[in-house]
Amino acid sequence: MLDIHFIRENADLVKAGAAKKLITVDIDRLLALDDERKTLREQMDQKKNEQNRAGQTIALAHGEEKERLLESMRHVKESFGVLEEKYKTVMGQWQELMLTVPNIPDMSVPEGESDADNKEVKTWGEPTKFDFAPKDHVELMTKLGIADFERGTKVAGFRGYFLKGDGVLLANAISQLALKHFASKGHELLIAPSLVRRETFMGTGYLPQGEEDLYKTQDGEYLAGTAEVATMGYYMDETLELNQLPIKLLAYSQCFRREAGAHGKDVRGLIRVHEFFKWEQVVLCEASHAASVEMHEAINRNTEEFMELLGIPYHTVVNCGGDLGLGQVKKYDIELWVPAEKTYREISSASYFHDFQTRRLNIRYRDAEGKMQFAHSLNSTAVPFPRILVSIIENYQQADGSIRVPEALVPFVGKVAIGNDAEVLGH
């Protein structure tokens, strides 16, 4: 959430930022409500002062004079009640509109309407070439017996899946390598809850706009689609010290997404499922644009390095304005090469928010002068699975249908290959 004083002083900039993100918000209406809110507050304060003065006078009055003053006081109370109800209505409208004001994108964010307009900023590796007709991950995993999509759908419904046998070993190996790699970057480890209160979703900016993609319980809680939500709530309503920053966390959680806005997209396999697992980088740093930019580049690079460890070709794109969320200032996507589709597919997003989330969540710190500041927040996918299996399975497939295990994963899997005649280490 942006500061209302900043919005008022930079209304044209805020409007331009919303336009770049293709988000419709009535800034003029918001400022008019803010004026009305402040006027009503002043009138209420005046009435309250009037009541206090009248109360002191009544305490000294007697007889008819006291009755007259009491009657006058009743009128003041009634008018105060009217003002209070109007204030509550205006305040509610003001708060609702404040939650829809988007953060301002960085100047380096390109113009564009969708992910088709994102700009490539880096490539690593060459798209994998085969001297045979490559298969997709669904066929490969099914034939190897390391995934069961048919029974997954039978049990869990649309987009359901089971990982089996060596598929489980491979997923666990990726998780173990991720833990080792990202923990070496100075991140503290967390296992975060997936069942999270509405307030935390509001604070991170996933609500109210993203409600259709969230699963909701009968108790009014939500299932999170990323550990970012719970992890950002960890320090909600707390005051930190400057020497604690930056706080770098690596959080693991089960994740859930309805994918309501993706009907008919990626209906086969592991690209877009309703239930998955993820390691997430979350960072709190001092309220400095330079610090945010530095941390943004670092956490994105952490994930690039991890993909290089796995030996999977990728490219990194900077997201255009129309592909940014409400709170994001800037975002990178890392996309891995998927041979069956002959294209790159997103595996990770890295974003920074300035104080957009921390202002909503009330996460502050005392700076060097002792002044209270809202911290800056950032997050980046470390690795999601089972989606990461798509690129590993397809890029490392062999002509006989077996899968070569990436060298970095061999110690965790205990095999150099999955499938026919796979060599087991130590045998």
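So, in region 389-410, of the ones that are surrounded by fewer than 23 Cβ atoms within 10 Å (Cβ to Cβ) and among the small types (Gly, Ala, Ser), which residue ends up farthest from the chain's Cα centre (by Cα)? Applying the filter and picking the extreme gives Ala399. Screening Lys122 against (1) modelled with pLDDT of 95 or more; (2) out of contact with any His (no Cβ under 9 Å at 6 or more places or on another chain); (3) basic (Lys, Arg) leaves a single unmet condition, (2).
Condition check ((1) of a type in the set (Lys, Arg); (2) farther than 28 Å from Phe256 by Cβ; (3) surrounded by fewer than 21 Cβ atoms within 10 Å (Cβ to Cβ)) across all residues:
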position: Leu336; (1), (2), (3): no, no, no
position: Arg345; (1), (2), (3): yes, no, yes
position: Phe356; (1), (2), (3): no, no, no
position: Arg387; (1), (2), (3): yes, no, no
position: Ala417; (1), (2), (3): no, yes, yes
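Whether a residue is without any contact (Cβ under 8 Å) to a residue 40 or more places away in the chain, surrounded by fewer than 12 Cβ atoms within 10 Å (Cβ to Cβ) and of a type in the set (Val, Ile, Thr) was assessed, and Thr39 does not pass this test. Pairs are defined by a Cβ separation below 6 Å, a sequence spacing of at least 6 or placement on different chains, a first member in region 84-108 that is in contact (Cβ under 8 Å) with a residue 40 or more places away in the chain and closer than 24 Å to His296 by Cα, and a second member that is in a loop (DSSP other than H, G, I, E, B) and of a type in the set (Gly, Ala, Ser); the pairs so defined are Asn103/Gly327. Among the conditions (1) in contact (Cβ under 8 Å) with a residue 12 or more places away in the chain; (2) assigned to a helix (DSSP H, G or I), Ile23 misses just one, which is (2).
For every residue, the table says whether it meets (1) within 14 Å of the chain's Cα centre (by Cα); (2) surrounded by fewer than 17 Cβ atoms within 10 Å (Cβ to Cβ).
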| position | (1), (2) |
| --- | --- |
| Gly160 | no, no |
| Glu188 | no, yes |
| Pro208 | yes, yes |
| Tyr215 | no, yes |
| Thr226 | yes, no |
| Asn243 | no, yes |
| Ala251 | yes, no |
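Taking the numbered list (1) under 20 Å from Phe353 (Cβ atoms); (2) at pLDDT 95 or above in turn, Leu31 passes all entries but (1).
Residues in region 121-140 that are touching a residue at least 24 places away in the same chain (Cβ under 8 Å) and either more than 13 Å from Ser391 (Cα to Cα) or acidic (Asp, Glu) (or both): Val121, Lys122, Thr123, Trp124, Gly125, Glu126, Phe130, Asp131, Phe132, Asp136.
The residues of region 17-36 that are surrounded by 18 or more Cβ atoms within 10 Å (Cβ to Cβ) and either touching a Phe, Trp or Tyr at 6+ places or on another chain (Cβ under 8 Å) or basic (Lys, Arg) (or both), listed by number, are Lys20, Lys21, Leu30, Leu33, Asp34.
The values are calculated or read from the model by the stated rules, or taken from the named source; none is laboratory data. Just so it is clear, the structure is predicted and the values come from calculations on it, not from any experiment. Counting neighbours? That spans all protein chains shown, and the Cβs are built from the backbone with ideal geometry, glycine included.
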